[in-house]
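The values are calculated or read from the model by the stated rules, or taken from the named source; none is laboratory data. If you're wondering where the values come from, they're calculated on a predicted model, not measured in any experiment. Cβ sites come from the backbone with ideal geometry, for glycine too, and all protein chains shown count toward neighbours.
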Amino acid sequence: MAGKPTPLSEELSKPSHGRAALLASVARSARLSPTYLMLVALATAIAHVGLLMDSAPVVIGAMLISPLLGPIMGFGFGVAIFELALLRRAARSLGVGMILAILIAVLLTWISPIQDVTPSILARVRPNLLDLLVAVFGGIAGAYATVRREAISLVGVAIATALVPPLAVVGFSLATMRFDYAWGALLLFITNATAIALMATVTARVRGFGTQLSPRQSWAQTAGIIVTLVALAIPLGLRLSANVREARAQSAINRQLQELAGPAARIDRLDSNLASTPAQVDAVVMAPVYNVGLQDRFADRVEGLLGRNVQVRLVQIRSGTPEADDARRALEDAVATERTRKAEITRLRATLARIVDGDETAVLVDPERRSARVFSAEPLPESTIAALQIAFPGWTIQWGEADAPSGEATTAASGTG
């Protein structure tokens, strides 16, 4: 009867034996099995190590081992033929695989002595519209390769549309309490998985699957695909626009500094955090002579360019001497250490504030003594304090039962050491 889901047995009983065999293969690849779980666990472990090592070949190896593409393709084909049993099987396998991958990444992060954020991790926490386009094209290629039984093309799809690495980043971020990173990586996984599944649906329909569906069901499929892609494209497009604006601003800041420093000077380092309040710009300039007042003029230029307050720290080093090289290296180490310290303090304060419903005035952080205290009438469980001690080694974290004094509360809210 039109309008009802067609059982997989009916689809398989159609005259095309090749189509029936293909659907059976897709259904098998979407099955939850011990082998599937083992491959997910191994792929996650390899991806986690590769991310911490910042090694692209190791991360690519994890992508090739991952079996997550099977359930995603199964879901897409299930939508195409409107087969609820295949949809449930694929959703169950994908959901269990996601949870397993995140839990393994959390565990590996807890036992790992390395918990630094690498460029490979940062590359997976800020998805944008370009990631959606890659996933769309990859999904079309993957579905076509599935229909044509071309396994070598599926290898390329697995590499182009990363699935396991974003889940490993989610686990890493949760274990280190970087919740904004966790959300970004999860959004990347959702984008890739959804786009691949939807493009598999489109490709399957074009190849003749689901011809038994009624016009109403076909229109519902089309509307669902369009609405889902638009819902993904809006936040990703906004993020891409923000990335473009930030890149243009950084390029303009670099040009302004070079113009003020003069042609004989060389910009050795220029780091900026335009998302903070106020915006922060750190620069190191190598020049044969000292440029008096360069930092103030540069700060005025940057504030005029951005239209808001900017905290500028500029260091000038005389170039061409061994002492200058030593000073430059020492400065780089000092800047890196200070940046890490500030990030840790910010993360600690934000974490403690979330525990007390976002009330930063109840959080007192002393960076010099590496101690923190939260004032609240509700005592914190010992297990939570233990987890905080693990996440922030070297810090003394205490829980107070009284309200913080006004002077201390102000320090907690504004001081960064």
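Side notes on the structure shown:
Condition check ((1) in a strand (DSSP E or B); (2) within 34 Å of the chain's Cα centre (by Cα); (3) aromatic (Phe, Trp, Tyr); (4) at pLDDT 85 or above) across all residues:
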| site | (1), (2), (3), (4) |
| --- | --- |
| GLN250 | no, yes, no, yes |
| GLN256 | no, yes, no, yes |
| ILE267 | yes, yes, no, no |
| ASP271 | yes, yes, no, no |
| THR277 | no, yes, no, no |
| MET286 | yes, no, no, no |
| TYR290 | no, no, yes, no |
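- Across segment 361-395, the qualifying residues are those that are among the hydroxyl-bearing types (Ser, Thr, Tyr) and out of contact with any strand residue (DSSP E or B) (no Cβ under 6 Å at 6 or more places or on another chain), and the one among them that is surrounded by the fewest Cβ atoms within 10 Å (Cβ to Cβ) is SER383.
- Residue in segment 60-74 that is out of contact with any helix residue (DSSP H, G or I) (no Cβ under 6 Å at 6 or more places or on another chain), in a helix (DSSP H, G or I) and either modelled with pLDDT of 90 or more or not assigned by TED's automatic domain parsing to the domain that holds PRO165 (or both) present: no
- Filter result for GLY97 (of a type outside the set (Lys, Arg), at pLDDT 90 or above and part of a helix (DSSP H, G or I)): yes
- Only one of THR201, THR222 that is within 29 Å of the chain's Cα centre (by Cα) and either part of a helix (DSSP H, G or I) or surrounded by fewer than 20 Cβ atoms within 10 Å (Cβ to Cβ) (or both): THR201
- Residues of segment 41-52 classified as over 13 Å from THR109 (Cα atoms) and touching a residue at least 60 places away in the same chain (Cβ under 8 Å), total: 2
- Looking across GLN280, GLN311, one residue alone is buried (at least 16 other Cβ atoms within 10 Å of the Cβ) and among the polar types (S, T, N, Q). It is GLN280.
- Residue in segment 398-410 that is more than 22 Å from ASP268 (Cα to Cα), touching a Gly at 6+ places or on another chain (Cβ under 9 Å) and at pLDDT below 75 present: no
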